[in-house]
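As C-alpha cells, the structure follows; a few thoughts come after it.
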Amino acid sequence: MNLLVTGGAGFIGSNFVRYMLEKYPHYKVVNYDLLTYAGNLENLKDVENHPNYRFVKGDINNRQLVDYVVKTYEIDVIVNFAAESHVDRSITDPSIFVKTNVLGTQVLLDVAKENKIKKYVQISTDEVYGTLGETGYFTEETPLAPNSPYSASKAGGDLLVRAYHETYGLHVNITRCSNNYGPYHFPEKLIPLMITNALEGKELPIYGDGKNIRDWLHVKDHCAAIDLVIHKGKSGEVYNIGGHNERTNNEIVHLIVEKLGVSKELITYVADRPGHDRRYAIDPTKIMNELGWKPQYTFETGIVETIQWYIENQEWWKNIKSGEYMTYYEKQYGDR
Ligand code: NAD
C-alpha cells in the first residue's frame, strides 16, 4: 500500500508514520507537511532513512503539488492529519483555521476524487460535537455543535468529506478521537505544558476552576485505531475513538506534580478560555464492536511513560520552547 500522510510532522501524524513503518515495513509512506510552527522533522529523526519513507514539504492548499505527489508516488490512501490544531490560537486568529482545515480538506478531497484514490481518511476530533453536561457520551449520531473556531473549522472539513462520499462516491472515513497524549506532543497543549513547566520549575497555569473534563487517549492507541479504519472501515462511516479516561484538568496537573515531586505551590489559576467546553467524553462502542479496536494503555501507565519521555528528551522540547513559541506563551499567560 502507498500511503500519503498529510500533516505527518506534527504530534499525532509523526507517531502514526512511525507506527505504520514499524508495523508494515513494506508499505510506502509519504509524509506531506508544510512545517508550520507545529510541524517538526525532529519528530521523525529515527525513521528519516527508512527506505520506504519520503518527506515532501508542501501546503495541502497547493493543489498542483498535492496532485503531483499523488501521481508520482501512486498513492492508494490519503490520511489527513494536516490542520491548525490549537483552540487558543483559533480564538486569536480564526482565518488560518478555515484556510487549512476547511479549504485544505477540500483540495485533498478533489485530488483524491480526480485520481480515483482507494480511500480518504479524515482525522477529526470529538470537539465537533460541542460540550457535554455531567452525564452522557458523544456517539457518531450526536449532532455537530462546535463552539470554538477550531472545532467549527474541523466540522466544516468533516461535512465536505461526507459530501464527497454522498455526491461523488469517494470512499471515505472520518475518525473523531478524544484528547491524545504521549511523546512528541507540542508543549502548548495541557499535558506537555505542565510536564515541561514543572521540569523547569515554572508556574503551572490552569484555566478557570480547572474542573473541565477531557477524555484522554494514548497516541499509540489512536494510531492503532486509524490503522484498523484504513484496512477495515466501511466506506462513508464515522468512527469515534476514545478509551473512557475522563479526567479534570485539576486531576491531570496534580498527578503530574505528584509524579515529578514538585511543589503544589507552582499551580496557578488563570482567566478561563472564552467558550471553554466543559466536558468531552466518547462512546467508542462502534469501533470496538465493528472493527475490534481496544486501547492497550491505561491512563496510569501511559502518563508515567509520557512523563519519563519528557525527562529523557529535554533537548527536543527545549528547542521548541524558544522563538515563536515564547511570543505565543507570553501573550497567553503573561510572564509566568
Ligand atoms: P499538530 O498541530 O501537532 O500537527 C499538525 C501538522 O499539520 C503539523 O505538522 C503542521 O506543520 C501540519 N500542517 C498545518 N497546516 C498545514 C498545511 N496547510 N499543509 C500541510 N501541512 C500542514 O496537530 P496534532 O495534535 O498532531 O493533530 C493532528 C490531527 O488530529 C488534527 O487534524 C487534529 O484536529 C486531530 N486531532 C487531534 C487531537 C489531539 O488531542 N491532539 C485529538 C483528536 C483529533
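The values are calculated or read from the model by the stated rules, or taken from the named source; none is laboratory data. It should be emphasised that the depicted structure is a prediction, and the values quoted were computed from it without experimental measurement. Neighbour counts are summed over all protein chains in view; Cβ atoms, including those assigned to glycine, are modelled from backbone coordinates with ideal geometry.
Would a scan of segment 64-81 turn up a residue that is within 20 Å of the chain's Cα centre (by Cα) and charged (D, E, K, R)? Scanning segment 64-81 turns up no residue that is within 20 Å of the chain's Cα centre (by Cα) and charged (D, E, K, R).
Restricting attention to segment 10-38, the residues that are in a loop (DSSP other than H, G, I, E, B) and under 24 Å from residue 76 (Cβ atoms) total 6.
Given the structure, is residue 326 of a type outside the set (Gly, Ala, Ser), surrounded by 14 or more Cβ atoms within 10 Å (Cβ to Cβ) and free of Cβ contacts under 8 Å to residues at least 12 places away in the same chain?
So residue 326 fails the test.
Just a yes or no: is a residue in segment 40-49 part of a loop (DSSP other than H, G, I, E, B), within 11 Å of the ligand (Cβ to nearest atom) and closer than 30 Å to residue 327 by Cβ? For segment 40-49, residues part of a loop (DSSP other than H, G, I, E, B), within 11 Å of the ligand (Cβ to nearest atom) and closer than 30 Å to residue 327 by Cβ: present. Being farther than 24 Å from residue 183 by Cβ and assigned to a helix (DSSP H, G or I) is a condition met by no residue of segment 50-58.
Within segment 285-314, residues that are at pLDDT 95 or above have Cβ atoms under 7 Å from residues that are in a loop (DSSP other than H, G, I, E, B) and of a type in the set (D, E, K, R) in these pairs: 286/140; 288/294, counting only partners at least 6 apart in sequence or on another chain. Hey, could you check segment 82-102 for residues that are closer than 11 Å to residue 7 by Cβ and either assigned to a helix (DSSP H, G or I) or not assigned by TED's automatic domain parsing to the domain that holds residue 57 (or both) and say which is farthest from the ligand (Cβ to nearest atom)? Here the residue is 101.
Within segment 188-223, take every residue that is under 26 Å from residue 288 (Cα atoms) and of a type in the set (Asp, Glu) and give me the one that is surrounded by the fewest Cβ atoms within 10 Å (Cβ to Cβ). Lay out the reasoning, then the answer.
Going through segment 188-223, the residues under 26 Å from residue 288 (Cα atoms) turn out to be 213-223.
Still in the running and of a type in the set (Asp, Glu): 215, 221.
Working: 215: 25, 221: 21.
This residue is 221.
Residue 276 - would you say it is of a type outside the set (Val, Ile, Thr) and assigned to a loop (DSSP other than H, G, I, E, B)? Taking the combined requirement at face value, the residue satisfies it.
Of all residues in segment 13-34, which are near the ligand (Cβ under 10 Å from one of its atoms) and under 15 Å from the mean Cα position of the chain (by Cα)?
Of everything in segment 13-34, those that are near the ligand (Cβ under 10 Å from one of its atoms) and under 15 Å from the mean Cα position of the chain (by Cα) turn out to be 13, 14, 15, 16, 33.
Out of all the residues in segment 99-116, is one or more at pLDDT 95 or above and within 26 Å of residue 278 (Cβ to Cβ)? So that I can check it myself, show each step before the final result.
The first filter runs over segment 99-116 and keeps only residues at pLDDT 95 or above, leaving 99-116.
Adding the requirement that they be within 26 Å of residue 278 (Cβ to Cβ) leaves 101-102.
Scanning segment 99-116 turns up at least one residue that is at pLDDT 95 or above and within 26 Å of residue 278 (Cβ to Cβ).
So, in segment 177-213, of the ones that are assigned to a loop (DSSP other than H, G, I, E, B) and under 16 Å from residue 126 (Cβ atoms), which residue ends up nearest to the chain's Cα centre (by Cα)? Steps first, please.
Restricting attention to segment 177-213, the residues satisfying the condition of being assigned to a loop (DSSP other than H, G, I, E, B) are 178, 182-189, 200-203, 208-212.
Keeping just the survivors that are under 16 Å from residue 126 (Cβ atoms) gives 178, 189, 212.
Numbers: 178: 9, 189: 11, 212: 19 Å.
Among those that are assigned to a loop (DSSP other than H, G, I, E, B) and under 16 Å from residue 126 (Cβ atoms), it is 178.
The set of residues in segment 110-148 being part of a helix (DSSP H, G or I), over 22 Å from the mean Cα position of the chain (by Cα) and among the acidic types (Asp, Glu) consists of 110, 114.
Any residue at all in segment 179-192 that's among the basic types (Lys, Arg), touching a His at 6+ places or on another chain (Cβ under 9 Å) and either within 14 Å of the ligand (Cβ to nearest atom) or under 23 Å from residue 260 (Cα atoms) (or both)? For segment 179-192, residues among the basic types (Lys, Arg), touching a His at 6+ places or on another chain (Cβ under 9 Å) and either within 14 Å of the ligand (Cβ to nearest atom) or under 23 Å from residue 260 (Cα atoms) (or both): present.
Residue count for segment 214-252 satisfying the condition of being in a loop (DSSP other than H, G, I, E, B) and within 15 Å of the ligand (Cβ to nearest atom): 3. Counting residues in segment 234-248 that are modelled with pLDDT of 95 or more, over 18 Å from residue 202 (Cβ atoms) and aliphatic (A, V, I, L, M) gives one or more. Among the residues of segment 303-321, is any farther than 20 Å from residue 131 by Cβ and basic (Lys, Arg)? Yes, that holds for at least one residue. In segment 103-120, the residue that is nearest to the ligand (Cβ to nearest atom) out of those that are within 22 Å of residue 1 (Cα to Cα) and out of contact with any helix residue (DSSP H, G or I) (no Cβ under 6 Å at 6 or more places or on another chain) is 108. Once segment 172-193 is narrowed to residues that are touching a Gly at 6+ places or on another chain (Cβ under 8 Å) and not aromatic (Phe, Trp, Tyr), the residue that is nearest to residue 11 (Cα to Cα) is 182.
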